[in-house]
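This report refers to the structure that appears directly beneath it.
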Amino acid sequence: MNAQPENFDRLKKLLALKRHEQPPPGYFENLSSRIIDRIEQEREIAQLPFWRRFTLSFDLKPAMVCATGVLVCGLLSAGVITSLQVSNTAVAAVPSQMIINGQPATEPGMPPTAPEEVQSSIEPVLSTVSSPSPFDQQISLRVQRVNYGFGN
Amino acid sequence: MSEATATRVLSSALEFEVPSAQQTEPALAPTHDVVLVRGAQKGDVAAYDELVRRYQERIYATVYHMTSNHEDANDLTQEAFIKGYSALKSFKGDSSFYTWIYRIAVNKTINFLKQRKNRSHMSLNDLDFNAENDPDLVALVSDRTPRRDANLAELQHKLNGAMLKLSEVHRLVVTLHDVQGLSHEEIGKIMDCNIGTVRSRLFYARQQLQAYLSDYLK
């Protein structure tokens, strides 16, 4: 590398022009006080509790307001989407043999069930699923009043 | 570290050549810096205020020449000193406060410039009255047009445009050496590299600038 200083003489003279670029008059008189003000402001903020600093950040950083708004909207959207997915899962869990021609199929001897009752997500889903167990077939449950008396 | 050692380290850190720019360091400044730094580390804001006053012009000038934008330089200078205050407890005195705060400002500026990539907007400071009377500058512009102030402003714009074409590290080396007058050793400490690297970067940066500004250097 042949760095010959004299080759850059005119460039150095030209670069000297930058030393004449000066900020507005009086700029440096106030700069240190602005810096110290900001330092003291940050010290005061640092002494505040967390929740107070968090709310204060809304005033200092408008972007924080936007970020929080986006976060809240995102959480709400996620909640709505999740609840819709739960509803769809409940409908999908109803066996296809239970719905015939748009009407819910019922066991022989049982009263017909309204469609909205079958598709409702608040009904127990597992109870409508037919079990392959042979013990579940043709079992009719009957409610009987039972009295227990003392002194028989 | 004893005070004598600290003073010796600070003195050696500040022993750098001053090629052409006015980099006058007060004779007792290193000792004062140590005292002020100790005071600031104990929470004395007035001591830090004195340190800020001492170095604000040089820090601002460096950041300004790097960004070619007064507003950005103002913000970055303030942030550098605020960061310096919050990090003062970690300052061990291995280097001078001057070098240390310079390093903070330079790192902040380089990070800022990397984020701002391709969005450079110049907001140049006015030239002072002495520019029109600088014999070197007069020699550069007098043969081009009789309106010296207009020609100087154009030259200033071209020069800053050419500076912005350099990479951040090359711009920094030119700024610190050719504009601010720091020595290679001092630049090496600020940029955390050896003198050979500083020299080669400076040579390359000058070559680049010479090519960009060839019309004005004939």
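Values quoted throughout were computed directly from the atomic coordinates according to the rules given, and no laboratory measurement underlies them. Bear in mind that the values here come from a model prediction, so they are computed numbers and not experimental data. Neighbour counts are summed over all protein chains in view; Cβ atoms, including those assigned to glycine, are modelled from backbone coordinates with ideal geometry.
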For segment B:51-209, the spread of Cα positions along each principal axis, largest first, Å: 56, 33, 31
Residue-count net charge about B:Leu36 - beta-carbon cut-off 13 Å; Lys, Arg +1, Asp, Glu -1: 0
Values of log10 I(q)/I(0), in the order q = 0.28, 0.29 Å⁻¹, for segment B:68-120 under a Debye, Cα-only, solvent-free model: -1.11, -1.16
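Structure shown: which of B:Lys89/B:Lys117; A:Lys61/B:Lys117; B:Lys108/B:Lys165 lie over 27 Å apart, alpha-carbon to alpha-carbon? Don't skip to the end; give the middle numbers.
Working: B:Lys89/B:Lys117 33 Å; A:Lys61/B:Lys117 23 Å; B:Lys108/B:Lys165 19 Å.
From the list (B:Lys89/B:Lys117; A:Lys61/B:Lys117; B:Lys108/B:Lys165), the Cα-Cα distance tops 27 Å for B:Lys89/B:Lys117.
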Three-way shape label, segment A:21-69, alpha-carbon gyration tensor, a/c 1.5: oblate
Proxy reagent accessibility, fewest Cβ within 10 Å first, across B:Arg116, B:Arg206: B:Arg116, B:Arg206
Ranked list, fewest to most other Cβ atoms within 10 Å of each Cβ, for B:Glu132, A:Glu29, B:Glu79: A:Glu29, B:Glu132, B:Glu79
Stretch gain in nm, segment B:Lys83-B:Lys42, where the contour uses 0.36 nm per residue and the Cα spacing is subtracted: 13.2 nm
